[in-house]
């Protein structure tokens, strides 16, 4: 059966996801349309195809123990010069994302993945493009804001063309509560007007 490349992430919902994906493409990131807008919990990881059922069972357990929480994005930052990435910052929900990714990558689970860099939840809006494009992404999205209730995460598989496809969604279990939205305006991604 061979191997497959998988990833686990929290989707950035509509209309925020499409808006940021289009902006990423507009900055010159050719990979933008093959990567749904997301916050990574497990980076691209190669596993045996036969292990997928065990991975799904593990993710079901992680989700069952999870509770909904508020995700809020605000402003931009960059991993440059360490890594050629500009991102929108996760300003609420970062602790929950950190705990989730630790459980997903648990040494006792089927994907005990070591990370190249310390985990830092974020939403990539430019990766591996020229410096001018990176600078433009960081400046033009500096005032971006979005907020939504996070109720789960998804398992994705990368195809041979580098495009990611959702295999399955996992919803948090239990009776967790989501803090109320600060205001209706905060529920929509906003960009500075020019």
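If I ask for residues that are crowded, with 16+ Cβ neighbours inside 10 Å and either in contact with a strand residue (DSSP E or B) (Cβ under 7 Å, 6 or more places away or on another chain) or in contact (Cβ under 8 Å) with a residue 40 or more places away in the chain (or both), which ones from the stretch 88-99 would you list?
88, 89, 90, 92, 93, 96, 97
Give the stretch 48-62 a look and list any residue that's in contact with a helix residue (DSSP H, G or I) (Cβ under 9 Å, 6 or more places away or on another chain) and surrounded by 18 or more Cβ atoms within 10 Å (Cβ to Cβ), or say none.
The answer is 58, 59, 62.
Only strands (runs of 3 or more DSSP E) wholly contained in the stretch 100-163 count here; list those with 1 or more residues that are within 24 Å of residue 22 (Cβ to Cβ), over 15 Å from the mean Cα position of the chain (by Cα) and touching a residue at least 60 places away in the same chain (Cβ under 8 Å).
So the answer is 145-150.
Can you find a residue in the stretch 39-54 that is outside any strand (DSSP E or B) and closer than 21 Å to residue 163 by Cβ?
Checked against the condition, which is being outside any strand (DSSP E or B) and closer than 21 Å to residue 163 by Cβ, the stretch 39-54 yields at least one hit.
Look through the stretch 1-29, keep the residues that are in a loop (DSSP other than H, G, I, E, B) and touching a residue at least 40 places away in the same chain (Cβ under 8 Å), and return whichever of them is nearest to the chain's Cα centre (by Cα). Working first, answer last.
Of the stretch 1-29, the ones in a loop (DSSP other than H, G, I, E, B) are 1-2, 12-15, 27-29.
If we keep only those that are touching a residue at least 40 places away in the same chain (Cβ under 8 Å) as well, we get 1-2, 12-13, 15, 27-29.
Values: 1: 28, 2: 26, 12: 7, 13: 11, 15: 15, 27: 19, 28: 20, 29: 17 Å.
Going through the qualifying residues, I end up with 12.
For (1) closer than 15 Å to residue 9 by Cα; (2) touching a helix residue (DSSP H, G or I) at 6+ places or on another chain (Cβ under 7 Å); (3) modelled with pLDDT under 95, each residue gets a yes or a no:
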| position | (1), (2), (3) |
| --- | --- |
| 85 | no, no, no |
| 97 | yes, no, no |
| 106 | no, no, yes |
| 114 | no, no, yes |
| 122 | yes, no, no |
| 139 | no, no, no |
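Here is a list of conditions, (1) within 19 Å of residue 145 (Cα to Cα); (2) in a helix (DSSP H, G or I), and residue 61 meets all of them except one; can you say which number that is?
Condition (1) is where residue 61 drops out.
Of 28, 34, which residue is surrounded by fewer than 21 Cβ atoms within 10 Å (Cβ to Cβ) and on the phi > 0 side of the Ramachandran plot?
28
The values are calculated or read from the model by the stated rules, or taken from the named source; none is laboratory data. This one's a predicted model, so the numbers in the text were calculated from it and none came from an experiment. Reconstructed Cβ throughout: ideal geometry from the backbone, glycine too, with neighbour counts over all protein chains shown.
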